[in-house]
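Throughout, read-outs are computed from the coordinates displayed, never taken from laboratory work. Just so it is clear, the model here is predicted, and its values are computed rather than measured. Heads up, the Cβs are rebuilt from the backbone with ideal geometry, glycines too, and the neighbour counts pull from every protein chain shown.
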Amino acid sequence: MSHSGIQTGPEIPSSQPSPLPLEMTGVQPGGGWCAQVEMAWGRLRRWYLKRFRPGYVRRMAELRQGNTDGAPHEILDPRDLKYCRNLVRCDWAPEHDPFRWRDRLPFARWGLAELVLIGGPLGLLTLAGVVLALVQSAWWWLAVVLVGAPWALVVWFFRDPPRRIPQDPGLWVSPADGKVVEVVRLEHDPFLGGPAVRISIFLSIFDVHVNRSPCAARAAAFRYQRGDFLNAMRPESAERNENLWIGLEATEPPYGRLAVRVIAGAIARRIVCVLRPGEELGRGQKFGMIKLGSRTELVLPDREGLELLVQVGSKVRAGSTPIARWHWKGVLP
C-alpha cells in the first residue's frame, strides 16, 4: 500500500526512452506558413541580437543549462526553443527567462503567432468597420459581422484557461477538452502489453485545444504519422489522419503504461508536442495542442480495479475531468 492509502500494483521499472522519430523535426512537425513566418522572424531576431545586443547574448549563454546539440539553428535565448525544444537538452531557469510572462496570458503560448498573424489583421479590419459604421453608414455593421465573427473565433480557439487539477490518488484525468465519442475495449495493446481501453474524445472548433497529461508520467516513446485531414468525427480519421502517438510510463500509482494519441482533423492540421524523450510530466501538465476540430485518444490498461468515469456522450475538460479511477483489489483510495 502506498503512503496515500491506496493499494497499488507493483511499480514497473522505467525503460530506456526511445529517441524521437526522424519525421519529428521540431515541436510542430507538420510545419505551416505561420511557423515559416516565425522561423524567418527568428533568423532576423538572432542577427539583431548578435549585432546590437552582444551583452545580452553573452549573459543568456552563461545562464543556459544543458547543451544545444541537435538544434536546427542557434539558441541564443529561451525564445529560440519554441519550435525545437524537443530536439535539444537545454533550458533556462524560470527566473532567467525574459519571456516567462507569456505563460500568464489567457492564450496558448503555441498559438500566439496565429493570434498575431491571423487575428491581428482581422481585429484591425473589425475595428475599422466599427469606426466606419459609427461615422458613415450603418451598412458597415454588416462588414463588422462578416469580419468580426472569424476574428472572434480565432481568439476563442486559442484560449488557454487555468484548470484545477484533482489530486486524488488513483485518478487519470482527460488529456483533452471535448465530447467522448467512443469507448472501445482492446484485446491487446502492444505498448501496454495486455488488454486496454481506448477512450476517444472529439474536439469541436469551440473547445480548448491544449493537451494535458492524464497522470504523472514519463515520456517513453513517440510515433508520428503524416496523413489525410478527414473530419475527426469519422471513425476512419483515427487511422488515416495525421497523428502523433505518445507512449507514457506512469510515475504515480497505479504505475504501468498508457498512451495518448492526438489526431488532426479537417480544419486543425498542425499538431504541437514539446515533450522530450524521457521527460517527466505532472498530472494535468500541458504538453502541446492541436491547431480546430480534432480528436484525442487515451489508451489505459484494462485490468482488475479499473473504473471508467465517462461514457459516450460525456463532456470532458483537459486536466480537470477525471476519466478513470483505479481501485486495487476493491480498496478505495
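Note on the chain: the alpha carbon radius of gyration divided by the globular reference 2.2 N^0.38 Å gives 1.09. If R0 is 35 Å, the Cβ-Cβ spacing of Leu44 and Ala152 corresponds to a FRET efficiency of close to 0.70.
What is the sum of charges, Lys and Arg at +1 and Asp and Glu at -1, for the other residues whose Cβ falls under 14 Å from the Cβ of Pro106? So the environment of Pro106 carries a net charge of +4.
The distance between label points at Val130 and Leu309 comes to 4.1 nm (points 7 Å beyond Cα on the Cα→Cβ vector).
For the chain, the residue among Ser137, Gly32, Asn241 whose Cα projects farthest onto the positive side of the dipole built from Cβ charges is Ser137. Under 16 Å from a label point set 7 Å out along the Cα-to-Cβ vector of Phe191, the amide N atoms of segment 287-304 belong to 287-289, 295-302.
Projected label points at His327 and His96, each 7 Å from Cα along the beta carbon direction, are separated by 5.0 nanometres. In terms of other Cβ atoms within 10 Å, Asp168, Asp80 run from fewest to most in the order Asp168, Asp80.
Taken as Cα centroids, segment 186-208 and segment 28-107 sit 34 Å apart, rounded to the nearest whole angstrom.
With a Förster radius of 41 Å applied to the beta-carbon distance between Arg89 and Phe52, the computed FRET efficiency rounds to 0.90. Extension gain for Ala61 to Arg159 (0.36 nm times residue separation, less C-alpha to C-alpha distance): 32.0 nm. Taken along the Cα-to-beta-carbon direction at a fixed 7 Å, the label points for Glu280 and Arg240 span 4.3 nm. Among Thr126, Thr296, the ranking by other beta carbons within 10 Å of each residue's beta carbon, starting with the fewest, stands as Thr126, Thr296.
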